Amino acid sequence: IEDIIVANSYSEINVSMPSVVELGDAYPNPFNPTTVINYDMQNDGHTLIEIRGVGGNYIRTLINNYVQMGSKSITWDANNDHGEKVPAGIYFYTLKTNNYIQTQKMVLLK
């Protein structure tokens, strides 16, 4: 005699928008040659993501535009604004939007 198992499942798909603005970790970190920066936007708004060196020197702007709410990501290829490769080292990426500013650290290995 075979047992027959009847399985009913019900799952509710909950697609929700972020409840906060948040700058995520860069992945991979340390990285070479690229890294992906994740961020969540609670509301639509002007968004700026910049890369700076250890001494605060400006390296590159990844985003300086109006961004719609939701989970986002952007890739940095270790180039500056002139398309030149930057040296190995510690870099900081900053997200500025509406009334929010957050900075995280990442390491470029060569």
Give all pairs with beta carbons closer than 8 Å in which a residue from segment 69-87 that is free of Cβ contacts under 8 Å to residues at least 60 places away in the same chain meets a residue that is of a type in the set (Gly, Ala, Ser) and part of a loop (DSSP other than H, G, I, E, B); count only pairs at least 6 apart in sequence or on separate chains. 85/78; 86/78
Which condition breaks for residue 69 when tested against (1) among the hydrophobic types (A, V, I, L, M, F, W, C); (2) open to solvent by less than 20 Å² (accessible area, probe 1.4 Å); (3) under 18 Å from residue 42 (Cβ atoms)? (2)
Condition first: in a strand (DSSP E or B) and of a type in the set (Asp, Glu). Now tell me which residues in segment 33-59 satisfy that. 40, 50
Considering only segment 2-28, how many residues are modelled with pLDDT of 80 or more and surrounded by fewer than 15 Cβ atoms within 10 Å (Cβ to Cβ)? 3
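Tell me, which residue of segment 72-101 that is out of contact with any Asp or Glu (no Cβ under 9 Å at 6 or more places or on another chain) and closer than 20 Å to residue 41 by Cβ is most open to solvent (accessible area, probe 1.4 Å)?
So in segment 72-101, the residues out of contact with any Asp or Glu (no Cβ under 9 Å at 6 or more places or on another chain) come out as 73-84, 86-91, 97-99, 101.
Still in the running and closer than 20 Å to residue 41 by Cβ: 73-76, 97-99, 101.
Values: 73: 72, 74: 34, 75: 79, 76: 0, 97: 5, 98: 100, 99: 165, 101: 120 Å².
Ranking the candidates gives 99 first.
The values are calculated or read from the model by the stated rules, or taken from the named source; none is laboratory data. Worth saying up front: this structure is predicted, and the values here are computed from it rather than measured. Note that each Cβ is placed from the backbone with ideal geometry, even for glycine, and that neighbours are counted across all protein chains shown. What goes into the accessible areas is simple: the full protein's heavy atoms, side chains included, and nothing from ligands, DNA or RNA. Shrake-Rupley method; radii C 1.70, N 1.55, O 1.52, S 1.80 Å.
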